[in-house]
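Working notes for the structure below.
The values are calculated or read from the model by the stated rules, or taken from the named source; none is laboratory data. As the structure is a prediction and not an experimental result, all values here were calculated from the model. Here the Cβ positions follow ideal geometry from the backbone for every residue, glycine too, while neighbour counts run over all protein chains shown. Note: areas computed on protein heavy atoms with side chains; ligands, DNA, RNA excluded. Shrake-Rupley method; radii C 1.70, N 1.55, O 1.52, S 1.80 Å.
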Amino acid sequence: MIWNNDYESLDRADLSRLQGERLGRLVDVLYRRVPFYRKKMEAAGVRPNDIQGIQDIARLPFTTKDEMRDVYPYGLLAVDLREIVEIHTSSGTTGKPVVDAYTSADLDVWSEAMARTLAAGGTTRHDIVQNAYGYGLFTGGLGVHYGARTIGATVIPISGGNTKRQLAVLQDFKATMLTCTPSYSLYLAEAAREEGLDLSKIGLKSGFFGAEPWSESMRKEIEQKLGVLAIDIYGLTEIIGPGVAMECEHQRGLHVNEDHFYPEVIDPSTGRVLADGEKGELVITTLTKEGTPVLRYRTRDITYLEHRKCACGRTTARMHRVLGRTDDMLIIRGVNVFPSQIEEVILTVEGVEPHYQIIVERRDQLDELEVQVEMNEKVFSDEIRNLERTERSIEEQLYATLNIHTRVKLVEPKSIARSEGKAKRIIDKRAK
Ligand SMILES: [Zn+2]
């Protein structure tokens, strides 16, 4: 279902014109009102008059997360603080957080973008949405909340964690839609099974999963264990929160809400804009945001774009599901490795559970990669000989995909720590 056909299926030429107008207005505002951007534009030798259409965006400077942190808390405000009605921030676990300050109009855009997101996975006013994303400064909880409310669906604002209660509420209130991280959805399914409950039989229709990269194999696993259509959603606090892009029912890339968030993919080392199909770093510009607009934000997420019209009728650009992050990317003996590539391989193996951990160590100046994979009870109680054979077979498949040797270790059921939020997949023991 398409929530806003006028914009989501807009003719591409009209969309480009609209984006050009919006970019022109944005640059004008940033130049006049935000010294941070004015300085950057002056350093890049570009003035608002130079921006005559969306094609001129490549002349504008990029913005990085570190720069946004440097002007914490209010250095990116483009309106008077009195106009701000809500504030969210990134987690700030690795430094000062990035602040996202919303005007009333920004909340309307966010609600609209999230209504599009939930509608793309089939949500209507008849649905009951169990929202297990965290509420609070994190954007996940309230983003879904506003979108569901805009559609007129019933929201259960249960927030993250408290798995027993999640399971009870799922059943008692007959939720039809579930929103949480992909890893948490599998944790829920596992916890349900222990209570003798089959989540695929309780009437869930779709799940909206985001906030961490996941793979096609993990999607199959989730769809089977929860009996849902598993929709990948994408967003980030630096831009607006969730609502930047979402899959439709065809699950062939995520539609970017391009009338509000303009996507580019660049070569992370040179900054050159890449063509459709070329993998690189996603860059997003907020075309309509008032509170804290962002010019060419370098997301560090690796993906590629596709502008062909989708079978669903939407004309918006699609981004491939995030392949990894430039900062999650492991460089093992000179080879680029993303955790998602490893996940893709191990989840196709019979008896493997979707819980794994990647451990990187340096021995004698050489990087060693160990993948610990959890097996189900049945396989794990098998003869040692068979387990070793499975380990060798996974190592061979990983070699075929990654082109590097890894050590695979099958571990006991439930021995890898579970997460109620974002899963921790990598333990890098190398000295930085
Ligand atoms: Zn589509």
For this session: Using a Gaussian network model of the chain whose springs link C-alpha atoms within less than 10 Å, name the residue from 331, 222, 358 with the highest mean-square fluctuation.
Result: 331
For this session: Convert each backbone phi in the stretch 161-168 into a coupling constant with the Karplus relation 6.51 cos²θ - 1.76 cosθ + 1.60 (shift: θ = phi - 60°), then list the ³J(HN,Hα) values in order as whole Hz, x for Gly and Pro.
Result: x, 6, 4, 4, 5, 4, 5, 5
Exercise. Taking all pairs of different Cα atoms in the stretch 179-237, averaging 1/r and flipping that mean, what Kirkwood radius in angstroms comes out?
Worked result: 11.5 Å
For this session: Using Cα pairs closer than 8 Å and at least 6 residues apart in sequence, work out the relative contact order for the stretch 375-432, in percent.
Result: 36 percent
Problem set entry | Solvent-accessible area per residue for the chain (1.4 angstrom probe, square angstrom) | 44 Å²
Problem set entry | Relative contact order of the stretch 121-164, pairs being alpha-carbon contacts under 8 Å that are 6 or more residues apart, as % | 49 percent
Problem set entry | Euclidean distance of C-alpha centroids, the stretch 254-310 and the stretch 6-71, integer Å | 13 Å
Seminar exercise, completed: Per GNM of the chain with C-alpha springs under 10 angstrom, the most fluctuating residue out of 295, 305, 197 is 197
Exercise. With θ set to phi - 60° and the Karplus curve 6.51 cos²θ - 1.76 cosθ + 1.60, what are the ³J(HN,Hα) couplings of the stretch 388-397 in order, to the nearest whole Hz, using x for Gly and Pro?
Worked result: 5, 4, 5, 4, 4, 5, 5, 4, 5, 5
Problem set entry | Choice from 103, 270, 89 showing the highest fluctuation, given a GNM over the chain with Cα pairs closer than 10 Å | 270
Problem set entry | Mean Cα-pair separation over length for the chain, i.e. relative contact order, pairs under 8 Å, 6 or more apart, % | 14 percent
Problem set entry | Semi-axis lengths (Å, descending) of the ellipsoid that matches the C-alpha gyration tensor of the stretch 56-204 | 34, 18, 14
Problem set entry | Solution diffusion estimate, µm²/s, Stokes-Einstein, the stretch 1-137, Kirkwood Rh from C-alpha pairs, 37 °C, viscosity 0.692 mPa s | 186 µm²/s
Exercise. Roughly speaking, to the nearest percent, how much of the stretch 214-342's 1.4 Å accessible area is carbon and sulfur?
Worked result: 47 percent
Problem set entry | Paramagnetic reach from residue 376 (point 7 Å along Cα→Cβ, amide N under 20 Å) across the stretch 335-369 | 343-357
Problem set entry | Within the stretch 351-432, percent of DSSP bridges classed antiparallel, to nearest 5 | 55 percent
Problem set entry | the stretch 344-359-the stretch 160-202 distance, computed between alpha-carbon centres (Å) | 21 Å
Exercise. Give me the log10 of I(q) over I(0) for the chain at q = 0.08, 0.10, 0.13 Å⁻¹, as the Debye formula computes it from C-alpha points; what are the numbers?
Worked result: -0.47, -0.73, -1.19
For this session: Would you mind checking 65/309; 174/220; 289/309; 174/225; 39/65 for any pair whose Cα atoms are more than 20 angstrom apart?
Result: 65/309; 174/220; 289/309
Exercise. Rg (Å, one decimal) plus Dmax (Å, integer) for the alpha carbons of the stretch 104-173?
Worked result: 12.1, 38
Problem set entry | In the stretch 362-432, lysine pairs with alpha-carbon atoms under 20 angstrom apart (chain gap of 8 or more, or interchain) | 7
